[in-house]
1. Based on the Cβ-Cβ distance from Ser132 to Glu38, what FRET efficiency comes out when R0 is 25 Å, to the nearest 0.05?
2. Under 9 Å from the Cβ of Gln185, count the other residues' Cβ atoms, weight Lys and Arg +1, Asp and Glu -1, and hand me the total.
3. Output the pairs from Lys73/Lys110; Lys72/Lys289; Lys126/Lys155 with a Cα-Cα distance over 23 Å in this structure; if there are none, say none.
4. Just rank Arg42, Arg157, fewest to most, by other beta-carbon atoms within 10 angstrom.
5. For a quick check: with amide H placed at 1.01 Å from N, whose amide H comes under 5 Å from Ile262's, ignoring anything fewer than 5 positions away on the same chain?
6. For Leu329 and Leu188 in one chain, what is 0.36 nm times their gap in residues minus the Cα-Cα distance, to one decimal in nm?
7. Amide H to amide H, which residues 5 or more places from Ser108 or on other chains are under 5 Å from it, using H placed in the peptide plane?
8. So what are the ³J(HN,Hα) numbers for region 37-48, from phi and the Karplus equation (6.51, -1.76, 1.60; θ = phi - 60°), rounded to whole Hz, Gly and Pro as x?
Amino acid sequence: MAKNHHDYDALPTDKRAPSIRQEMRVVAVVVLFVIGMEIVARIMAPTIDSDREHIHAFPDIIDGTAKEAGEKKLPNVIFFGNSLMRAGLDEEIVADSLIEVEGPEIASAKITPVGTAMLDWVYLYKRYFEDSQQHPDILVVGFVAHHIHDQEPIKLRRLSRHFVAMDDFPELWSRDLGDFHRIAQSTLCHFSALEGDQPEHQLKLLSGIVSDYNNGLNRNNDLVRAAAERKAALKANTSVNTQTFSRMQRLIETCKKHGVEIWFVPMPQPEVWPLHPEAVALIERHGMKLLDAREIEGMTEEDFWDGYHLGDSGMEKFSQWMAGQIKILQPQ
């Protein structure tokens, strides 16, 4: 069957090919679009969600607590961890409880980014406390089983964007990543808000378009995250023989070098969970404190709003318990 001559006219030829100038214009438009999106992402970054607001406020929180402690000559106490400590501790209740039991006054703050674990805390401490030389007197670290061992998966986007300082990337690459793909991704995420904070930018856009989208999504995400955390904790409990704690040791050694005392707090859960004996031995070997909150008197399943995080009643019980520990352990 003979081909129509118009078929040949449709085939690409050098004459019909776009010029280099045209191709460069397309490339320039794409580059400008990406740059524009990056600028928008950077502007939105501090207000994407409550967690990013909290992260971007770290320098002010740390500086304010250090100044208050210095001016009033009070112990500087940082409550450290993730959403378990954020949801579980009310600083006002702690302060009021200390007054009631004639305990010592403290200057305190919470540094509790959601979904973080020990490796995040190692680099977070180095970036925001060590680099600024604003060390607390006491770092109160709340956790459950899987938060502290080395087998917890790395959340590379958040870690690279928000917790690792430029000077610490060689350590991250050599000790914690090791392969080229993750090294390249970590570098891109550190410098790009568009990449490092995905997919939160998409969610922010949708929340601006759909009424109450963000509130419903946040509640749903909290429930999904809680279920995932419970599953991870259960998995950690059934595979204790494979757990190691070098990340935990790194945090201890960093704090110990600067005279910071760590109070490790195994957090309450609806069911008592086992604490790995190697973690306990590591804490004791370095002279840090272990405050066991897994079985607070009067705490029941009803004190957890989602089966994982403490609700209002649980927060009050835990905060009062924490105040009692501060009174016992801190000289008046």
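1. On the way: r = 27 Å, r/R0 = 1.07.
The value I calculate is 0.40.
2. Working: positive: Arg157, Arg182; negative: Glu195.
Net charge around Gln185: +1.
3. On the way: Lys73/Lys110 19 Å; Lys72/Lys289 25 Å; Lys126/Lys155 18 Å.
Correct reply: Lys72/Lys289.
4. On the way: Arg42 13, Arg157 20.
Lowest to highest Cβ neighbour count: Arg42, Arg157.
5. Leu139, Lys289
6. Details: separation 141, 0.36 × 141 = 50.76 nm, distance 4.42 nm.
Stretched out fully, the Leu329 to Leu188 stretch lengthens by 46.3 nm.
7. Val77
8. 5, 5, 4, 4, 4, 5, 5, 6, 3, x, 10, 4
We did not get these values from a lab; they are worked out from the coordinates using the rules stated. None of these values were measured; they are calculated from a predicted model. Neighbour counts are summed over all protein chains in view; Cβ atoms, including those assigned to glycine, are modelled from backbone coordinates with ideal geometry.
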